[in-house]
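The values are calculated or read from the model by the stated rules, or taken from the named source; none is laboratory data. This one's a predicted model, so the numbers in the text were calculated from it and none came from an experiment. Because the Cβ atoms are built from the backbone with ideal geometry, glycine has one as well, and the counts that use them run over all protein chains shown. Just so you know, the surface numbers come from the protein's heavy atoms only, side chains and all, with ligands and any DNA or RNA stripped out. Shrake-Rupley method; radii C 1.70, N 1.55, O 1.52, S 1.80 Å.
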Amino acid sequence: MTETLIALLSILIGIIGANLIGYFLKKYSFGFTGNTLIGVFGSIFFIKLFGRLGFDPISIMKLGSANFNLLIINFLVSLLGGVLAVILIRKFKKIMT
């Protein structure tokens with residue numbers, strides 16, 4: 001159950017990152033709903049992509065207690081995933097128009 005909680009917190013942090021970049025840099029804003037959806041998919045994508053390096057939720061709880069170094073790396077990658085997803089989608093939108 002703890003692995004599930006870590007995964008949900010990672011998604012929440014990705015949502016926060018996507019909405020923060022939209023709030024502070026208005027040109028990257030897709031609205032609250034748009035940035036939230038982008039944050040969800042961006043954080044999931046980055047955690048699945050880079051989590052194979054050993055900081056996925058299962059690896060964090062592998063020994064029965066939380067490895068806080070891996071947990072912090074997981075949260076940072078999730079935040080970065082949400083932010084970069086918004087930036088990349090903005091670039092794709094600009095190319096398409």
- line: Residue hits (the range 65-83; crowded, with 18+ Cβ neighbours inside 10 Å and either in contact with a strand residue (DSSP E or B) (Cβ under 8 Å, 6 or more places away or on another chain) or under 16 Å from N35 (Cα atoms) (or both)) are S78, L79, G81, G82, V83
- line: Given the conditions (1) among the hydrophobic types (A, V, I, L, M, F, W, C); (2) open to solvent by 70 Å² or more (accessible area, probe 1.4 Å); (3) modelled with pLDDT of 95 or more, every one holds for M1 apart from (3)
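Scanning for something open to solvent by 40 Å² or more (accessible area, probe 1.4 Å) and closer than 14 Å to V77 by Cβ, does the range 18-27 turn up at least one residue?
The initial filter retains those residues of the range 18-27 that are open to solvent by 40 Å² or more (accessible area, probe 1.4 Å), namely 20, 23-27.
Going one step further and asking which of them are closer than 14 Å to V77 by Cβ, we end up with none.
For the range 18-27, residues open to solvent by 40 Å² or more (accessible area, probe 1.4 Å) and closer than 14 Å to V77 by Cβ: absent.
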query: Are any residues in the range 32-55 in contact (Cβ under 8 Å) with a residue 40 or more places away in the chain, closer than 17 Å to I73 by Cβ and open to solvent by 20 Å² or more (accessible area, probe 1.4 Å), and if so, which ones?
result: F45, I47
query: What single numbered condition from (1) open to solvent by 80 Å² or more (accessible area, probe 1.4 Å); (2) part of a helix (DSSP H, G or I) fails to hold for K62?
result: (2)
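Inspect all residues belonging to the range 66-89 and state whether any of them is part of a loop (DSSP other than H, G, I, E, B), at positive phi and not aromatic (F, W, Y).
Filtering the range 66-89 down to residues part of a loop (DSSP other than H, G, I, E, B) leaves 66-67.
Retained after the next criterion (residues that are at positive phi): none.
No, because not a single residue in the range 66-89 is part of a loop (DSSP other than H, G, I, E, B), at positive phi and not aromatic (F, W, Y).
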